[in-house]
Structure formats: structure tokens, C-alpha cells
Amino acid sequence: MSLFNPYALRDALSPGLRLLGLDPGQKTIGLALSDVTLMLASPYKSLKRGKFGETAQEIGRIVQREGIGGLICGLPLSLDGSFGPAARAAQDWMTELSNRLGLPACCWDERLSSSAVNRFLIQEADMTRKRRAEVVDKMAAAYTLQSWLDATAPEREELI
């Protein structure tokens, strides 16, 4: 499958399916899940990044187990919004994963997501460096997925 426009992806999802958010780093891949109403993202787990085929198989098992209908991948744009080598690599990786799993996918700007999560974990949760390292990838995936969910949510009429 090709990558979708972020707003078209929401329309392409079958009701009752969840989204899997991915934050592909060089050593680990953070994963997050949406709820079936596509309102809330939650950290799920982190995977060690290995050979692409093995990683795709592991993600495929998660897709089957959790009822996933689409993928949202963090896109590491440069701070000025330009599309650099890291963004190109993430987009290529997500395109291949989407094709391998047969799922619609899109990339979403993740600039500063890890920084925001680290800042929260230090200031609000008072976590040690070791504990932060264990959770930052999956929390960054949740942060990015939640950003996508919020940005693409249909407008709800105010209740009177």
C-alpha cells in the first residue's frame, strides 16, 4: 500500500479497528495503540530494532493480536520543517512496512516528541535516566499518535 494523506487515512479505516503508532529509532521502535474510537493513544511497548523482515513479522503479530487497521509513523522532520535524510529513511521504512503488512499508513510530524516526553518524565514523573530510557520510545510513539488523532478528529457538534 502507498502512504496515505493523514486525513484520508482516518476515512479509510474500518470501524472498530485501532491504529498502531510507531516511533522508529535507530536501536528501538516505540509502539503505541489507539482505542477503537480513535480518541486516545496509549503507550504499548518498545521493540529492539533488528533486521527488517524480523521486525515486520513481530509488528505483524501485534497487528493481528490487537486488531490494527492502520499505521501512523513518526516523521522526524528537521526543526525548520525540511525533509532531511532521517525523514526520508522513516518514510521509506514505513512504506515498506505498510506494503509488507497490507495496511494503510501515513507519516506524521514528530519533531521534538522525544524531547517533550523526556521533559515530562523528568519534571512531572521524576524518573531516573535508566527508567526514562525504558519508556521514552513507546511514550514518544503515543505522543505522536495522539497528535495525529487530535489533528484529524472530525469536528463534533457542541451539545446544547
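Taking only the C-alpha atoms of segment 1-104, Rg followed by Dmax gives 13.3, 38 Å. Residues of segment 39-74 falling in the label zone of GLN26, defined by backbone nitrogen less than 15 Å from a point 7 Å along Cα to beta-carbon, are 49-50. Spin-label pair ARG100-ASN5: with each label point 7 Å from Cα along the Cα-Cβ axis, the two points sit 2.9 nm from one another.
Every read-out reported here was derived from the displayed coordinates using simple, explicitly stated rules and does not represent laboratory data. A quick note: this is a predicted structure, and the numbers were derived from the prediction, not measured. Positions of Cβ are backbone-derived with ideal geometry, glycine not excepted, and every protein chain shown enters the neighbour counts.
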